[in-house]
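The values are calculated or read from the model by the stated rules, or taken from the named source; none is laboratory data. Please read these numbers as outputs of a predicted model, since none were measured by experiment. Here the Cβ positions follow ideal geometry from the backbone for every residue, glycine too, while neighbour counts run over all protein chains shown.
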Amino acid sequence: MHIVVCVKQVPDTKIIKINPKTNTLDRRSAPAILNPYDAHAVQEAVSIREKTGCTISVLSMGPPQATAIIKKSVEIGADRGYLITDRAFAGADTLATSYALFKALEKINKEIPIDMIICGKHAIDGDTGQVGPGIARRLDIPPVTNVIEVTEVNQEEKTVLIKRKLSSGYELIQSEMPCLLTVEKEINQIEYSPMPNMIKAARYEPIIWAVSDLENVDRVQLGLKGSPTIVGKMFTPPRPEGGKRIEGSPDEQVKQLMDILLEQKDVLTLQSSKQ
Amino acid sequence: MNFDDYRGVWIFIEQNGGKIEGVSLELLGAGRKLADKLQVPLAGFLLGSGIKSLANQVIAYGADEVYLVDHPVLKDYRTESYMKGVMQLVPKYKPEIILYGATPNGKDLASAVATDLVTGLTADTTTLDVDVDNRLLEASRPAFGGNIMATILCKKHRPQMATVRPKVMKALEPDTGRTGKIIEESITLREEEMRTKVLQIVNDVTKKANLADAHVIVCGGKGMGDIQNFQILYELADTIGATVGGTRDVVEAGWLPHELQIGQTGETVTPKIYFAIALSGAIQHVVGMKNSDLIIAINKDPNAPIFDVATYGIVGDALEIVPKLIQQFKQLRNEKGGEMSYARKI
C-alpha cells in the first residue's frame, strides 16, 4: 500500500506583517513553515503505516526552499518526498495548483501505484481547501473532505472507513480505494519525532522535478496562465466609526457597564434556578 | 466561450434530512440583490431525495426559479452523486454566477464542480457585489491570516463561483405569496456505480452548536496572558449564563478547543451581547462576530481595532475589570434573592 501526502510551505500567518501603506505582504517578516494541517496529514499516514506497513511519500509544489518542509515531513515519519518546482508554476490559483500536482501524482503512480492521498483540510495562507478535491476530480477518485478519523483500512477489500465532520456532528463513510482524504487538525496529535527520523531528515535529499520532468503537460493550464481567478484589489476595510468609550476609574467603568448591560432586559434577566 | 450565453444567478440550496440550511436562505437574500443589479432571474438549485416540497420555500425566500433534481441516490450528500447532478444542470442552463454556502458540504461540492467546469472559485467570501458593466462578480474575503481583504475576480471563465460564509449575509423575510417557476430535471444515477457510501449520520449537540446559538458570548484573546487568567472568563460566563469562545491565537495556544474559535477559520456568531475581552480585533476575528447586536470591548490598548467595531469600549486591564464585573453581578443577585441566577431567555 502506498500513501501520498500533499504538503505546502506557508508563511506563518500568526507572525506575518502587512505593509499598511502598500497593502502588500512582507513575506520576509514571516518564517516559512509546514502548513499545520499538512503536518496532521503526514502524522495520520504514519498511524496508518503502523497498522498496514504502507509506504509514505510526500509531494509538494513550491520554490526550491520548500525542500525544508519535505525534510520536516520525513522527520514526522514520511519515507520519501518529491518537490515539483519550476517558474512555470508561479502564480497558480487552486485550479492550476491541482493540475500541477495531478501531473506529478500521475508520474508517482507509475513508479509506485497510489492507494490513498491525504491532504490537510486547507492551507493557512489561502484558507481555501479547494486543491484536495480538485486533485481527486482530476484523478477521478472519490474525495472525502473534513476527515476526523480513519477508522479502518481494509487492504484486501480495498476500502476505508472514515469519520467526516459535518456542520453539526459527523458521518461515517465507506470509500473505495484509491481515494483522497483531507484532514482536520483534531484527527490526531503530532508526536515528537524519534531521533532516527531526525537524522534521516537531516540527510534526506528530496526528488526534485521541473515541468520538463513531467509527462503530457499542457503548459497553458499551469501557473498564472492556468488560473481563472485573479486578485482584483487588496484593501483594509474602512474603519467603522467605533462606539462609545466608557471613561473613568475601573470602578466607574464597571458601574457604567452594568447599567448598559442591565438595560438588555430581554437577554440578561434574573431567573430562579429552581424553575 | 461566449459569455452572453451565461445568464442568471444561481444559489446551491443545501438540505440535510429535508431541512434547508440557513446559509442557503441567506444566499437567496444576497443573490437577490446581485440578480436585480444584473437584471437577471435568481434561481435556487436543489438536489436530494423526496425534496420537491422544499421548492416553494426557496421561492418564498426570493428565488424566481427552482431547479430540482430528485433521486433516491441523492438521499445523503456525497461528492460524486451531487456533482453529477450539478454537472447535468450547469452546462445545460449556463448561469453566470453560482454561490454555495461555505459549509463542509458546500465547499466540498463547489471545489469538485469548479475542477470539472474549469472555472474559478473564491472560498469563504464575506462580501459580495457585482460590476454591472462587466458582469463581474466581486467576491471579497479576508486574506493572509485575516489582516487584509482581497477581492477575487474571475474574468475569463464562466460561471463565476464563490462559497460564502454562513451568517454574514441576511435572508429576506419569506413571502409565501411569491410565485416562481419550478424546473424538474431527471437524472440517471446507479447506486452500484457509487464508490462511497454514507453508513451513518450522527448529529452531535456539541459545544460548537452552543456557540452558534448562544445569546451572550464571552470571547477572550491572547491578551489574557495565560491559560490560568483565561479561566476568569469562564467565571464571568457562568455568572451571566454566557458561552465562552476564543480567538485563533487562543486556540493555537491550546487554551481552547478549535470548535470554540470565533472568526474566519472558526465559527461565525451573531449573539445579542458579545464581550470581546483582551483581543485586538484582527479582520479574521471581526468577520466572525461583527454582526452581534451589542459588542463590549475591553482592551488595554486604546488603539486596538476592536474598539472600531465595539458598541462600547473600555480601555483597561481585563484582569482588573472582569473580576469587578463578576462581583457586581453576584452582588446584584444576592440583593435580589439568594436562589437567583442570570440566564439567557430564548
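Data for the structure
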quantity	calculated
Selected residue [charged (D, E, K, R) and more than 30 Å from A:Pro142 (Cβ to Cβ)] from B:Glu184, B:Glu173, B:Glu192	B:Glu173
Residue among B:Gly177, B:Gly106, B:Gly120, B:Gly101 that is over 27 Å from B:Ala55 (Cα atoms) and in the same structural domain as B:Gly8 (by TED's automatic domain parsing)	B:Gly120
Any hit, the stretch A:139-152, residues being charged (D, E, K, R), more than 9 Å from every other protein chain (Cβ to nearest Cβ) and buried (at least 18 other Cβ atoms within 10 Å of the Cβ)	yes
Residue in the stretch B:54-74 that is closer than 21 Å to B:Ile20 by Cα, within 14 Å of chain A (Cβ to nearest Cβ) and not in a helix (DSSP H, G or I) present	no
Qualifying residue in the stretch B:179-200 (condition: touching a strand residue (DSSP E or B) at 6+ places or on another chain (Cβ under 6 Å) and under 21 Å from B:Thr268 (Cα atoms))	no
Residues of the stretch A:160-177 that turn out to be farther than 26 Å from B:Ile20 by Cα and either in contact (Cβ under 8 Å) with a residue 24 or more places away in the chain or surrounded by 18 or more Cβ atoms within 10 Å (Cβ to Cβ) (or both), as a count	4
Test: residue in the stretch B:288-310 that is of a type in the set (Val, Ile, Thr), outside any loop (DSSP other than H, G, I, E, B) and in contact with a Lys or Arg (Cβ under 9 Å, 6 or more places away or on another chain)	yes
Subset of the stretch B:116-133 [facing chain A (nearest Cβ under 9 Å) and within 13 Å of B:His157 (Cβ to Cβ)]	B:Asp116, B:Val118, B:Thr119, B:Gly120, B:Leu121, B:Thr122
Top-ranked residue of the stretch B:270-291 - restricted to ones that are small (Gly, Ala, Ser) and touching a Gly at 6+ places or on another chain (Cβ under 8 Å), ranked as surrounded by the fewest Cβ atoms within 10 Å (Cβ to Cβ)	B:Ser280
Filter result for the condition that a residue is more than 13 Å from every other protein chain (Cβ to nearest Cβ) and over 29 Å from B:Gly246 (Cβ atoms), over B:Pro174, B:Pro159	B:Pro174
Per-region count, the stretch A:209-230, residues out of contact with any Leu (no Cβ under 8 Å at 6 or more places or on another chain) and either of a type in the set (Ser, Thr, Tyr) or surrounded by fewer than 17 Cβ atoms within 10 Å (Cβ to Cβ) (or both)	10
Restricting the stretch A:1-22 to residues that are out of contact with any strand residue (DSSP E or B) (no Cβ under 6 Å at 6 or more places or on another chain) and among the polar types (S, T, N, Q), the residue that is modelled with the highest pLDDT	A:Thr13
Test result for B:Thr270, among the hydroxyl-bearing types (Ser, Thr, Tyr) and modelled with pLDDT under 90	yes
Test: B:Leu199 is modelled with pLDDT of 90 or more, among the hydrophobic types (A, V, I, L, M, F, W, C) and farther than 23 Å from B:Ser81 by Cβ	no
Filter result for the condition that a residue is farther than 25 Å from B:Lys170 by Cβ, at pLDDT below 95 and within 11 Å of chain A (Cβ to nearest Cβ), over B:Val315, B:Val251	B:Val251
Within the stretch A:110-129, tally of residues that are in contact with a strand residue (DSSP E or B) (Cβ under 7 Å, 6 or more places away or on another chain) and closer than 15 Å to A:Val10 by Cβ	9
Within the stretch A:125-220, strands (runs of 3 or more DSSP E) holding 2 or more residues that are over 18 Å from the mean Cα position of the chain (by Cα)	A:143-154, A:159-166, A:169-176, A:207-209
Flag if A:Val144 is β-branched (Val, Ile, Thr) and within 27 Å of A:Met198 (Cα to Cα)	no
Breaking point among (1) at the interface with chain A (Cβ under 7 Å from one of its Cβ atoms); (2) not in a loop (DSSP other than H, G, I, E, B), for B:Thr265	(2)
Residue list for the stretch B:77-100, filter: in contact with a Lys or Arg (Cβ under 9 Å, 6 or more places away or on another chain), at the interface with another protein chain (Cβ under 9 Å from one of its Cβ atoms) and either touching a residue at least 60 places away in the same chain (Cβ under 8 Å) or small (Gly, Ala, Ser) (or both)	B:Arg78, B:Thr79, B:Glu80
Count of the stretch B:278-294 residues which are within 14 Å of the chain's Cα centre (by Cα) and at the interface with chain A (Cβ under 10 Å from one of its Cβ atoms)	4
Residue list for the stretch A:85-123, filter: farther than 20 Å from B:Val118 by Cα and touching a Cys at 6+ places or on another chain (Cβ under 9 Å)	A:Asp115, A:Met116, A:Ile117, A:Ile118, A:Cys119, A:Gly120
